[in-house]
Amino acid sequence: MTGSSSFVVVANRLPVDQVSTPEGRTWRPSPGGLVTALQPVLAARHGTWIGWPGVASPPDAPPIEPFELDDMRLRPVLQTADEIARHYEGFSNSSLWPLYHDAVEQPGYRRRWWDAYRRVNERFAVAAAEEAAPNAVVWIQDYQLQLVPAMLRERRPDLRIGFFLHIPFPPVELFVQLPRRVEVLRGLLGADLVGFQQPLAAQNFLRLTRHRLGLRPRGDAVEVDGRLVTASAFPISIDVQEMANLVATPYVRARAADIRRELGDPKTVLLGVDRLDYTKGIERRLKAFHELLAEGRLSVPETVMVQVATPSRERVEHYQALRVNVEREVGRINGDYGRVGVPAVHYLHQSYSRRELAALYCAADVMMVTPLRDGMNLVAKEYVAARADLGGALVLSEFAGAAAELRQAFLVHPHDLDGVKDALVRAIHVDPVEANRRMRAMRRHLRTHDVRAWAHSFLTSLGVLDTVT
């Protein structure tokens with residue numbers, strides 16, 4: 001069975017969340033950069049977005065019929081609580097996520113996780129095969145769905161298939177630790193174009209096709225079953241205009257001023273905004289701040305740190321331990337250097353609206369983005385996009401993909417604590433003229449490398465842009 005959509009996006013999540021009300025099921029939009037980039041293409045071509053609606057379904061739940069929203073056709077793919085635990089929390093986030101992030105934490109492997117991962121991937125592949133029109137373009141997103149390209153190719157060889165990985169891709173020495181390494185590689189090779197954040201990730205992938213499958217890559221491509229599969233880098237970005245519009249509103253400008261007053265009008269506000277994830281380097285960042293206070297290089301209340309840690313994967317053991325460790329370190333710092341009503345660290349374990357984040361960016365003198373490993377890190381780009389005043393300074397890990405583009409940031413090695421401390425002090429005391437020059441250069445880059453440019457670049461390389469725009 002073939003559908004009528006000439007352009008299909010397949011992602012782990014729909015761009016809406018299912019919400020249950022007394023009146024029944026409703027849908028709440030959850031816009032993000034990916035939606036911003038692809039919604040116009042989907043709308044123009046009456047395209048379909050396939051994804052999970054964000055809630056567990058009973059094993060016997062009937063399918064949810066596709067529906068229209070904002071000129072997009074949305075097709076929900078249901079998952080049971082057991083499948084979420086094994087496919088998403090298990091294989092995706094306890095096996096693949098740590099392995100792909102340089103094994104910062106030890107990956108775990110269980111056979112039942114793999115069984116669920118394969119079963120859910122097949123469900124997505126079936127949905128895509130049913131929705132795609134003859135010779136349609138299908139763009140599959142991220143590590144939760146790495147088997148879908150080959151499963152879909154088997155069902156629909158007429159399709160043009162792209163895949164984009166939003167996180168890092170590991171070197172041969174790490175990837176071969178994965179028990180199902182060959183199946184994952186063959187899954188990805190079902191695509192015509194496999195996209196990565198950085199060139200080295202694409203090279204890792206091509207080396208693996210030689211090392212594990214005996215294929216013979218040439219340049220940025222490898223031949224598989226008579227087809228040419230290309231692997232290349234497409235650094236993802238943000239909706240720069242959306243952030244510019246936000247920071248220009250009277251509300252955000254007033255809220256930024258309010259935030260500084262609520263913090264006690266300190267001379268310097270340091271800001272971190274991360275998911276609570278062990279790859280983000282939050283513990284080491286707090287330790288660096290603690291040592292700077294202990295050494296007298298910074299002091300409270302002249303300098304205040306704000307750390308937003310958005311809740312993440314709270315049923316996964318590594319994340320539970322991380323939260324305990326982070327909150328313990330915050331308590332130590334505030335116990336040693338805070339005063340009644342004047343904490344040294346304002347720790348916020350909660351989610352924030354786009355408007356509140358924009359205000360925080362505008363209020364911060366120094367943005368700290370110091371992951372141990374990150375595919376890109378869009379928070380770094382959001383901070384730069386928010387600083388229309390050319391103020392502020394960005395301290396950025398060289399192990400974030402964004403470091404390859406935002407070269408005017410204060411780049412640091414996150415494991416070198418003394419280097420992180422020195423960079424923080426330099427960023428705090430940077431000459432305003434130099435700070436403006438750095439910010440202006442980074443903003444100039446972002447304006448021409450936004451999320452729409454990213455989507456355009458990928459679809460052009462897939463060779464199908466004229467058919468989907």
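The values are calculated or read from the model by the stated rules, or taken from the named source; none is laboratory data. Quantities reported herein were computed from a predicted structural model and do not represent experimental measurements. A quick note on method: Cβ atoms are made from the backbone with ideal geometry, for glycine too, and the neighbour counts reach across all protein chains shown. For the accessible areas, the whole protein counts, side chains as well, though only heavy atoms, and no ligand, DNA or RNA atoms are used. Shrake-Rupley method; radii C 1.70, N 1.55, O 1.52, S 1.80 Å.
Numbers below:
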item	result
Candidates LEU394, LEU378 - the one that is in contact (Cβ under 8 Å) with a residue 60 or more places away in the chain and not charged (D, E, K, R)	LEU378
Count of the stretch 27-75 residues which are more than 24 Å from the chain's Cα centre (by Cα) and on the phi > 0 side of the Ramachandran plot	2
Members of the stretch 269-307 found to be under 17 Å from ASN334 (Cα atoms) and either touching a His at 6+ places or on another chain (Cβ under 8 Å) or polar (S, T, N, Q) (or both), listed by number	ARG284, SER299, THR303, VAL304, MET305, VAL306, GLN307
Residue match in the stretch 25-32 (condition: closer than 29 Å to ARG355 by Cβ, of a type in the set (Gly, Ala, Ser) and part of a helix (DSSP H, G or I))	no
Selection from the stretch 207-227 of residues that are modelled with pLDDT of 95 or more, among the acidic types (Asp, Glu) and open to solvent by 100 Å² or more (accessible area, probe 1.4 Å)	GLU223
Close pairs (7 angstrom Cβ cut-off, 6 or more residues apart or separate chains): of a type outside the set (D, E, K, R) in the stretch 109-123, open to solvent by less than 30 Å² (accessible area, probe 1.4 Å) and outside any helix (DSSP H, G or I) anywhere	VAL120/GLN79; ASN121/LEU147
Matching residues, the stretch 408-438, being farther than 18 Å from GLY272 by Cα and of a type in the set (A, V, I, L, M, F, W, C)	VAL430, VAL433, ALA435
Failed criterion for SER57 (all others in (1) in a loop (DSSP other than H, G, I, E, B); (2) within 18 Å of PHE458 (Cβ to Cβ) hold)	(2)
Failed condition for VAL120, given (1) over 23 Å from the mean Cα position of the chain (by Cα); (2) open to solvent by less than 30 Å² (accessible area, probe 1.4 Å)	(1)
In the stretch 228-269, residue most open to solvent (accessible area, probe 1.4 Å) [restricted to those that are charged (D, E, K, R) and modelled with pLDDT under 95]	GLU242
Cβ-Cβ under 8 Å pairs, at least 6 apart or on other chains, the stretch 290-319 side surrounded by fewer than 21 Cβ atoms within 10 Å (Cβ to Cβ), far side aromatic (Phe, Trp, Tyr) and assigned to a loop (DSSP other than H, G, I, E, B)	THR310/TYR352
Among the residues listed as LEU390, LEU372, LEU348, LEU357, the single one being within 24 Å of GLN197 (Cα to Cα) and of a type outside the set (D, E, K, R)	LEU372
Tally, over the stretch 436-460, of residues that are in contact (Cβ under 8 Å) with a residue 40 or more places away in the chain, touching a helix residue (DSSP H, G or I) at 6+ places or on another chain (Cβ under 8 Å) and in a helix (DSSP H, G or I)	10
Positions within the stretch 132-151 being open to solvent by 10 Å² or more (accessible area, probe 1.4 Å) and either farther than 21 Å from SER94 by Cα or β-branched (Val, Ile, Thr) (or both), in sequence order	ALA133, PRO134, ASN135, ALA150, MET151
Hits in the stretch 1-17 (condition: crowded, with 23+ Cβ neighbours inside 10 Å and in a loop (DSSP other than H, G, I, E, B))	LEU14, PRO15
Members of the stretch 71-93 that are open to solvent by 10 Å² or more (accessible area, probe 1.4 Å), touching a helix residue (DSSP H, G or I) at 6+ places or on another chain (Cβ under 7 Å) and in contact (Cβ under 8 Å) with a residue 40 or more places away in the chain	ARG75, TYR88
Every pair of residues 6+ apart whose Cβ atoms lie under 6 Å, when the first sits in the stretch 344-364 and is surrounded by fewer than 22 Cβ atoms within 10 Å (Cβ to Cβ) while the second is not aliphatic (A, V, I, L, M) and not in a helix (DSSP H, G or I)	TYR347/GLN307; SER351/THR310
Residue list for the stretch 397-416, filter: in contact (Cβ under 8 Å) with a residue 24 or more places away in the chain and open to solvent by less than 20 Å² (accessible area, probe 1.4 Å)	SER397, ALA400, GLY401, ALA402, LEU406, ALA409, VAL412, PRO414
